[in-house]
1. Within region 250-257, is there a residue that is in contact with a Cys (Cβ under 9 Å, 6 or more places away or on another chain), more than 25 Å from residue 118 (Cβ to Cβ) and either surrounded by fewer than 18 Cβ atoms within 10 Å (Cβ to Cβ) or modelled with pLDDT of 95 or more (or both)?
2. Report yes if residue 185 is among the aliphatic types (A, V, I, L, M) and over 15 Å from residue 262 (Cβ atoms), otherwise no.
3. Of the residues 134, 94, 126, 116, which single one is within 17 Å of the chain's Cα centre (by Cα) and without any contact (Cβ under 8 Å) to a residue 12 or more places away in the chain?
4. When the residues of region 206-235 are narrowed to those that are among the hydrophobic types (A, V, I, L, M, F, W, C) and under 13 Å from residue 161 (Cβ atoms), which ends up surrounded by the most Cβ atoms within 10 Å (Cβ to Cβ)?
5. If you go through region 112-144 one residue at a time, how many are over 16 Å from residue 49 (Cβ atoms) and among the hydroxyl-bearing types (Ser, Thr, Tyr)?
6. What number goes with the only condition from (1) farther than 17 Å from residue 43 by Cα; (2) assigned to a helix (DSSP H, G or I) that residue 125 does not pass?
7. If a residue has to be outside any loop (DSSP other than H, G, I, E, B), buried (at least 17 other Cβ atoms within 10 Å of the Cβ) and small (Gly, Ala, Ser) to count, how many in region 74-119 make the cut?
Amino acid sequence: MGKDVEVAETSEFSAKDYHDPPPAPLIDLDELTKWSFYRALIAEFIATLLFLYITVLTVIGYKSQIDPNRNGDQCGGVGILGIAWAFGGMIFILVYCTAGISGGHINPAVTFGLFLARKVSLIRALLYMVAQCLGAICGVGLVKGFQKAYYVRYGGGANVLADGYNKGTGLGAEIIGTFVLVYTVFSATDPKRSARDSHVPVLAPLPIGFAVFMVHLCTIPITGTGINPARSFGAAVIYNKAKAWDDQWIFWVGPFIGAFAAAIYHQFVLRASSIKALGSFRSNANN
């Protein structure tokens, strides 16, 4: 009887108190027949449009405030700290608003990382990236349409490698910065963490926004901070200058490598998905 009680208690406390969603199918054609899928695409498009509109305006406004040709104050404006807050704050707001509709990716690198972790299908991932890039182009286009003179004069908010840094340094900054962001996304949305730390309510968009803020603080002087291929691509398309296109590969290769590394680290090191899959395979084989 004592043994029975002991076994029951052990079973009760060792029971899994969270549920991992099943892996998304690689190709899910059924998604194309659902309005919820197209609603998610629209949400990603609008969110990325708003993200680029607000943040690029912030960058251009800051440069105009410190412009010595316009008697600007070099110590005035929002500064790098303010620009970082604009990017991080907008991500916090937009992820909060769209998480329940599209997942709140707003970044092809985030979408790529979640695809590698089988959180989204290939079709959803590809169309999300298209929607994000189109949204970014439209967002920067609105900035240019409203403030063309300022837009052209102050570089259009385009990401370029700063003078004094080589391409390897810029690539490394983008890889590590995106790793921090995507790693935070995985951690903030991990169902195991939510169950374990249920006594500490954490709003998932908050750490994600802070990750974007912190990365901008350290990489704005190097690359202007990409860590989001849609953001860099949209600005380059509307600005359309040689320097922005020459460095454009850095803002795609770096974020995708960083997202890949974050997905592998979280899924196979922290969550030990490969070990779980092997254990499941052995259990099924024994049965």
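The values are calculated or read from the model by the stated rules, or taken from the named source; none is laboratory data. Given the structure is predicted, the values throughout are model-derived calculations rather than measurements. All Cβ positions, even for glycine, are placed from backbone atoms using ideal geometry, and neighbour counts span all protein chains on display.
1. No - not one qualifying residue is present in region 250-257.
2. On the way: among the aliphatic types (A, V, I, L, M): yes; over 15 Å from residue 262 (Cβ atoms): no.
Taking the combined requirement at face value, the residue does not satisfy it.
3. Values: 134 fails: without any contact (Cβ under 8 Å) to a residue 12 or more places away in the chain; 94 fails: without any contact (Cβ under 8 Å) to a residue 12 or more places away in the chain; 116 fails: without any contact (Cβ under 8 Å) to a residue 12 or more places away in the chain.
Exactly one residue qualifies, and that residue is 126.
4. Only one residue tops the list, namely 220.
5. 1
6. All conditions pass for residue 125, except number (1).
7. Selection size over region 74-119: 6.
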